[in-house]
1. List the GluC sites (Glu not before Pro) within the range 41-145 that DSSP assigns to loop and that have no more than 14 neighbouring Cβ atoms inside 10 Å.
2. Could you check the spin-label model distance between D101 and E53? Points 7 Å from the Cα along Cα→Cβ, value in nm.
3. Taking the simple approach of a point 7 Å from Cα along Cα-to-Cβ for both A224 and A194, what is their distance in nm?
4. Where Lys and Arg each count +1 and Asp and Glu each count -1, what net charge lies around Y74 among other residues with Cβ under 14 Å from its Cβ?
5. Give, as a single signed number, the net charge of other residues whose beta carbon lies under 11 Å from the beta carbon of T173, with Lys and Arg counted +1 and Asp and Glu -1.
6. Report, by chain and number, residues whose modeled amide H sits under 5 Å from the one on F168, excluding near sequence neighbours (fewer than 5 apart, same chain).
7. Determine ³J(HN,Hα), in whole Hz, for all residues of the range 167-177 in sequence, where each value follows from phi through the Karplus function 6.51 cos²θ - 1.76 cosθ + 1.60 and θ = phi - 60°; x replaces Gly and Pro.
Amino acid sequence: MARKVFRTWEDYFIPGTSVLRNKFTTPGNPYGEPDPDKLRVLEELRSGLRINELNEHPIEGNFDYAHMKAIHHYIFQDIYEWAGQERVAPLGTFMVKSGPDVVHYPLGDPSAPQMSYQYYPAGPALGQAANEQYRRLSKMDLLRGLDHETFVTELAEIWGELNVIHSFREGNTRTQFVFFSQLSEQAGWKLDPALFAPGTPGRDEFVAARFYSQATGSNQRLAAALRPAIVSLEQGRKLKPKTLITKSDLVAKIEQRGKEAAANHKKETKQTIRRHKIR
């Protein structure tokens, strides 16, 4: 099958759906897995495996745009054809994501209304803005030789700006964590990603802090979220290492998720039959 060329926003999706085209193809699904829940599980597990590999064997680079793209490609090479490529859409308009108002409401407030958070439009300006941040990083000697507070502040500034640029269609956060963890280590610091694991308060505050940066232009809240997760390398060595996901773990988890999905489907089918019988 010829490699797909991505030129528009719609090109990223399986035709007629809001599910991203992916590499989990079958004869009946030539554009990839169409079930968003199944795709989410497969993406989480495959990308997690690749991230663990990078934790063991980091990609060497100059901490520039090419380096960030190489990391993204490695993480998502099994999932998306456009892994490692700058997004090509939307052109001429901001990319928008919805999230709770974290500027005027406290985190987790159920009364907080949803608002739109904007990211750079695709096109030359996106690449130029990204390269400007990497040049800035280079001019600062990759943040080496800084005390803790200065390092955290400068890291948050660059991270916040690169997040608004949002170079990739999907997977920006995971790629950024790998990139900035590696950057921190070469600068003499350890970024503990465990504090930002999905479902933790640290993760919720990290997401809110990035939204806050986009809405206000200030990265101070992001710096505050990162501060407790950045320690000296000596302290970092004492941190409990994160358990790696092996290939056998990956297969087992996929099989388990498949059994759970099948069991749920069977249960829903029985419930549907009962409802029809009652009627």
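Bear in mind that the values in this text are calculations on the coordinates, not laboratory data. Please read these numbers as outputs of a predicted model, since none were measured by experiment. Don't worry about glycine lacking a Cβ; one is built from the backbone with ideal geometry, like all the others, and counts go over all protein chains shown.
1. Qualifying residues, ordered by number: E60.
2. 4.6 nm
3. 2.6 nm
4. Taking every other residue near Y74 into account, the sum is 0.
5. Summing Lys/Arg as +1 and Asp/Glu as -1 gives +2.
6. R87
7. Couplings: 5, 10, 5, 8, x, 5, 5, 4, 5, 4, 5 Hz.
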